[in-house]
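Undergrad: There's a structure below that I have some questions on.
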Amino acid sequence: MNPNISRLHPYPFEKLAHLKQGIEPPHDKTAITLSIGEPTHPTPHFIQEALLTHAQGLGVYPTTKGILELRLAIAQWLAERFQIPINDINPDSQLLPVNGTREALFSFAQCVIDTTDAQPLVLMPNPFYQIYEGAALLAGAEPYFLNTTEETGFLPDFDSVPEAVWRRCQLLYVCSPGNPSGAVLSDADYAKLLQLAEQYDFIIASDECYSELYDNENSPPTGLLQTAYRLGNTSFKRCVVFHSLSKRSNAPGLRSGFVAGDANILQAYFQYRTYHGCAMPLPTQHASIKAWQDEHHVIENRQLYREKFAAFISILAEVCPITQPPASFYVWLKIPDALSGLSDLTFAQQLFAHEHLTVLPGSFLSREFNGINPGAGYVRIALVAPLDECIKSAHRIKNFINPL
């Protein structure tokens with residue numbers, strides 16, 4: 001066995017199942033689950049229809065690079081969304097389709113980490129998407145956590161990282177908009193990272209799977225490639241971004257996304273993927289083309305989340321400090337000071353026991369580092385359920401907090 005397997009932590013939802021084990025929630029209340037970031041808005045019909053129309057493609061082995069039509073559709077979307085001239089995105093060398101960002105974020109580290117270099121580090125935000133940590137460990141590197149706290153605006157404090165750490169860094173994962181806080185890296189943040197990557201020669205892997213879920217329609221989140229291009233890094237050196245249709249198009253089961261950026265890095269990653277055996281089925285590719293070419297359903301999707309945030313926050317604002325994040329579909333809820341005696345684990349456990357409502361303890365998403373666990377004292381709430389369930393959930397949380 002790979003000895004690093006034993007270093008993997010149980011996944012957050014495995015911990016959550018254990019936390020709830022043996023508890024009988026009230027039978028007079030229907031179960032509501034807001035712990036998993038799984039979109040439940042309807043998948044657009046035209047995506048489903050494209051799958052059926054091209055079902056004959058199941059009889060053909062797909063190629064790792066995908067069909068040109070898909071790469072052209074992705075390139076066009078990338079150019080329009082992040083203000084990059086279409087002629088400066090090469091669909092043959094700077095794009096690869098992937099089966100969702102999860103598999104790509106994991107496999108990417110297996111490709112790029114050089115274990116002949118003593119003690120390689122992979123830097124990542126803390127709290128974080130657990131795939132980053134698992135990818136680092138199984139690639140033979142050490143995770144190095146960048147605490148994101150209320151004091152830092154829930155963004156990593158890159159200035160506090162010691163130079164010795166940057167020298168050992170081979171790969172930096174960033175997530176913007178962030179999971180779980182919804183915090184967004186600015187153009188200046190990306191510019192700083194690009195300068196550090198050039199100075200210390202590491203790769204930036206920017207997880208942007210929530211980039212299309214934002215509050216202000218006139219101010220979409222900046223992307224890594226957008227900043228790189230603006231600064232004259234038109235070849236996107238040391239930059240790779242990860243995008244998905246799961247959140248944008250309510251199609252988590254489609255398992256469709258892409259990576260884009262530095263052609264030299266992607267050439268090596270393409271070779272890795274030909275052995276990895278993760279080519280996207282042709283029906284999925286054709287459905288993905290339709291999804292990347294349409295923005296109407298994405299605009300409607302954002303509006304649905306805005307309505308849920310507004311309703312949810314207006315109810316809970318009466319009993320606890322809560323603000324709307326600039327992006328994503330998560331509420332990163334701080335347990336009120338009046339309940340400081342409750343840990344995030346106990347809060348989530350008792351909320352389930354009393355209200356039949358499942359949320360995720362924040363400490364399940366983070367590690368203790370530099371003396372603190374930045375997820376402790378928070379719970380993550382995914383506003384993925386229908387509006388009426390989100391409203392009902394807010395009232396249940398309010399009812400739970402009030403007597404305490």
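Undergrad: May I ask for the percentage of alpha-carbon pairs in the chain that lie more than 35 Å from each other?
TA: Summing the P(r) of the chain above 35 Å gives 27 percent of all pairs.
Undergrad: Now for a different question. To make sure I understand the rule: partners must be lysines, Cα under 19 Å from the Cα of residue 237, and not fewer than 8 residues away in the same chain. Which ones qualify?
TA: 192
Undergrad: In a shell of Cβ-Cβ distance under 9 Å around residue 255, excluding residue 255 itself, what net charge do Lys and Arg (+1) and Asp and Glu (-1) give?
TA: Net charge around residue 255: 0.
Undergrad: Next question. Can you tell me how the range 81-153 classifies by the Cα gyration tensor, rounded, prolate or oblate, using a/c under 1.5 as the rounded cut? Don't skip to the end; give the middle numbers.
TA: Details: a/c = 2.14, a/b = 1.34, b/c = 1.60.
Cα axes put the range 81-153 in the oblate bin.
Undergrad: State, to one decimal in nm, how far the label point of residue 237 lies from the label point of residue 8, with both points 7 Å from Cα in the Cβ direction.
TA: 3.6
Undergrad: Using the Kirkwood radius over C-alpha pairs as Rh, can you work out the diffusion coefficient of the range 266-352 via Stokes-Einstein at 25 °C, viscosity 0.890 mPa s, in µm² per second? Can you show the working numbers first?
TA: Working: Rh = 17.5 Å.
Answer from the Stokes-Einstein relation: 140 µm²/s.
Undergrad: Can you give me the relative contact order of the range 60-294 as a percent, contacts being Cα pairs under 8 Å and 6 or more apart?
TA: 27
Undergrad: What are the extents of the Cα atoms of the range 285-404 along their three principal axes, listed from largest to smallest and rounded to whole Å?
TA: 51, 36, 24
Undergrad: Using Cα-only point scatterers and the Debye equation, what is log10 of I(q)/I(0) for the range 144-239 at each q in 0.12, 0.15, 0.18 Å⁻¹, rounded to two decimals?
TA: The Cα Debye sum returns log10 ratios of -0.37, -0.59, -0.85.
Undergrad: What are the aspartates and glutamates whose alpha-carbon lies under 19 Å from the alpha-carbon of residue 15, with same-chain residues fewer than 8 places away excluded?
TA: Partners within reach: 24, 38, 133, 344, 368.
Undergrad: To the nearest µm²/s, what D does Stokes-Einstein give for the range 1-127 at 4 °C and 1.567 mPa s, using the Kirkwood radius over alpha carbon pairs as Rh?
TA: So the translational diffusion coefficient is about 64 µm²/s.
Undergrad: Which residues make up the longest stretch of the chain clear of GluC sites (Glu not before Pro) that lie in a DSSP loop with no more than 12 other Cβ atoms within 10 Å, not counting the sites? Walk me through the numbers on the way to the answer.
TA: Working: sites that count: 217, 318.
Segment 1-216 is the longest.
Undergrad: Counting alpha carbon pairs within less than 8 Å and at least 6 residues apart, what relative contact order, in whole percent, applies to the range 224-372?
TA: After rounding, I find 12 percent.
Undergrad: Percent relative contact order of the chain, based on C-alpha pairs within less than 8 angstrom and at least six residues apart?
TA: Dividing the mean separation by the residue count of the chain yields 25 percent.
Undergrad: Go through the range 125-133 residue by residue and turn each phi into a ³J(HN,Hα) via Karplus (6.51, -1.76, 1.60, θ = phi - 60°); whole Hz please, and just put x for glycine and proline.
TA: Each residue's phi maps through the Karplus curve to give x, 9, x, 7, 6, 5, 4, 4, 5 Hz.
Undergrad: Still on this structure: Looking at the range 60-294, I'd like the Rg to Rh ratio, where Rg is from alpha-carbon atoms and Rh is Kirkwood's inverse mean 1/r.
TA: We get a ratio of 0.94 for the range 60-294.
Undergrad: If you don't mind, there's one more thing I want to ask. Sketch the reach of a paramagnetic label on residue 69 as a point 7 Å from Cα along Cα-to-Cβ, and name the residues of the range 40-60 whose backbone nitrogen lies under 20 Å away.
TA: Within reach of a label on residue 69, which here means backbone N under 20 Å from a point 7 Å along Cα→Cβ, the range 40-60 contributes 44-60.
Undergrad: If you don't mind, another one. Given the -39500 (n - 2.57) contribution per DSSP H run of 4+ residues, what per-residue ellipticity at 222 nm results for the chain, rounded to the nearest 500 deg cm²/dmol?
TA: For the chain, the value works out to -12000 deg cm²/dmol.
Any read-out appearing in this document is the output of simple, stated calculations on the displayed coordinates, not a laboratory observation. The shown structure was predicted, so the numbers you read here are calculated from the model rather than taken from an experiment. Glycine also receives a Cβ, built like all others from the backbone with ideal geometry; neighbour counts cover every protein chain displayed.
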